[in-house]
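Contents: one structure, followed by commentary.
The values are calculated or read from the model by the stated rules, or taken from the named source; none is laboratory data. These numbers were taken from a predicted model, which means no experiment stands behind them. Cβ: placed from backbone, ideal geometry, glycine included. Neighbour counts: every protein chain shown.
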C-alpha cells in the first residue's frame, strides 16, 4: 500500500507553481516554491524535524523532555508535530504582533504559549528571546532548538529545499528570492544552488525596519520575516541583493496573489513576491526566477484579509470623505505630528508645544520617523499638562512618562470621517495611521473646519 509511516515522512518535495497572472508581462518565468504543502503548512517543518533529529542524536533531548522555542508560529507548528509524534511537551514564546490564529493553532497541538511584547530590544528581560532563555533554564528536561543559531536549520535546506528547486527547474534557475527570518532557508538553498551554478543570483526580501536591509529592528506589522539582530544561521555573504519591502507592499502583494492566482498566501509571502517582481523586472528573456512562499494565508484571515483591519491600520481607503482628507485639509501652519519620548522633561515638552503651536504631543519609544504604531506609548496634551502644573508646579521638571495620558485612539487614513467623529466623542484627539505608521493628529476643531469647508 502507498502509505506514509507518519506525517513526518510527508515533509518536503513541495511543488513549483508558475505565477502566470501575477507574472504576466515579465521577460522571465516567475515560479513559486509553495511550502504550504508541508504537513504543518510551512517551510519551517523542514528544519523542525532536522533540529529534533540532531538533538536526539546528540543526547540533548531525552524521552519525555520539553521543547522550548521563540517562534513566529510556523516553527512552533513544525516542532509541535514532531513533539506529538515522539512524546515531547512544548512551550512556545511569541511576540504580541502575531495573529490570534497562530496562538490558537499552537495550543490546538497541546503546546503552552507565552506571549511577549514586540516593542522591546532583544536583550530586554521581557523580549521573547529572553523569556525563552529563562523558561529553558527553569524547565526540567528542557531543550531549546534555537533556530537562530542551530546549524541543522540551514543544513536541512541545503540537503532538501535547494536540490528540489534545482531538480524541478532542470538546473535552469537564474534567480532565487526568499524572505530572511532566521536566515536558514535562504542560506541553505543558496549554498546548494551556487555550488551547482555560481551565477545564480540570490535575493533577500526584507521588511522595512529589519536589520537585514539597514534598519534597527523597529516594529513592523508583517509577521515571520525580518529580524532585530543578526542570527548565526544567516550567511549574508551568500546574498547578492537585498530588497526592502514595506508592510503596505507586502500586504498588497499577498492579496493580489490570492485573488489573481487563487493561491492563499500570507504577509511574509507577499514580502517575497514583491521583491521577486522588483527583481524580475530587470531580468532577461529565458531567465527563471524562483520565489519561495513560506506558508499559507490561513493564519492571517483576521488581519491582512480582513478589510476592517486593513482600513484601521491605513492600508485601504473606503468610499467618500475619509480621515486622510481631513488631514490633507489642514493648512500646514503647524506640524502634523510632534513626538517626544517618555524620558524627556515635561518642561521641555511644553516648550516644544509653545514653539510649534500644537496642543497635543505623541509619546513614543523613539522620535525617529517613520514611527510605528507599536512604538506609541501615550500622549501629552496642553490642557492636562496645565492642570498638573497648576496643582504641582514642580511636576514640569518630571519625565514626560510620569505625566502622560493614554495613547490616542488610532484611525486609518482611509476610514470614513464618521469613524473619526465617533472616536473623538470620547477623547480630544485621534492618531491617524497610514500603512501602519502614525502620520498626524486630528482634533474636533480639525474635523469641524473640514466639514464647514465641505458644506461651503
task = Out of 209, 224, report the one residue that is under 14 Å from residue 70 (Cβ atoms), in contact (Cβ under 8 Å) with a residue 12 or more places away in the chain and either assigned by TED's automatic domain parsing to the domain that holds residue 76 or within 20 Å of the chain's Cα centre (by Cα) (or both).
result = 224
Hits in the range 243-252 (condition: in contact with a strand residue (DSSP E or B) (Cβ under 8 Å, 6 or more places away or on another chain) and touching a residue at least 40 places away in the same chain (Cβ under 8 Å)) = 243, 245, 246, 247, 250
key: Any chance residue 32 is in the same structural domain as residue 281 (by TED's automatic domain parsing), touching a residue at least 12 places away in the same chain (Cβ under 8 Å) and within 30 Å of residue 259 (Cα to Cα)   = yes
request  = Please work out if residue 258 is over 20 Å from residue 152 (Cα atoms), touching a strand residue (DSSP E or B) at 6+ places or on another chain (Cβ under 7 Å) and outside any loop (DSSP other than H, G, I, E, B).
outcome  = no
remark   = Picking from 326, 291, the residue that is touching a helix residue (DSSP H, G or I) at 6+ places or on another chain (Cβ under 8 Å) and over 30 Å from residue 439 (Cα atoms) would be 291
inquiry  = Of everything in the range 179-196, what is surrounded by 24 or more Cβ atoms within 10 Å (Cβ to Cβ) and free of Cβ contacts under 8 Å to residues at least 40 places away in the same chain? Give them in sequence order.
reply    = 188, 193
task = Could you tell me which numbered condition residue 369 fails, if it satisfies all but one of (1) assigned to a helix (DSSP H, G or I); (2) out of contact with any helix residue (DSSP H, G or I) (no Cβ under 6 Å at 6 or more places or on another chain); (3) over 16 Å from residue 443 (Cβ atoms)?
result = (1)
inquiry  = Exactly one of these conditions fails for residue 334: (1) farther than 30 Å from residue 47 by Cβ; (2) at pLDDT 95 or above; (3) in a loop (DSSP other than H, G, I, E, B). Give me its number.
reply    = (2)
Criterion: under 20 Å from residue 225 (Cα atoms) and either surrounded by fewer than 24 Cβ atoms within 10 Å (Cβ to Cβ) or free of Cβ contacts under 8 Å to residues at least 24 places away in the same chain (or both) - qualifying residue of 65, 25, 12, 41 = 41
message = So, residue 423, is that one under 29 Å from residue 120 (Cβ atoms) and surrounded by 15 or more Cβ atoms within 10 Å (Cβ to Cβ) or not?
response = yes
query = Based on what the data block shows, is residue 73 outside the structural domain of residue 229 (by TED's automatic domain parsing) and on the phi > 0 side of the Ramachandran plot?
reply = yes
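Yes or no, residue by residue, for (1) out of contact with any strand residue (DSSP E or B) (no Cβ under 7 Å at 6 or more places or on another chain); (2) farther than 30 Å from residue 310 by Cα:
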site	(1), (2)
350	yes, yes
381	no, no
392	yes, yes
399	no, yes
405	no, no
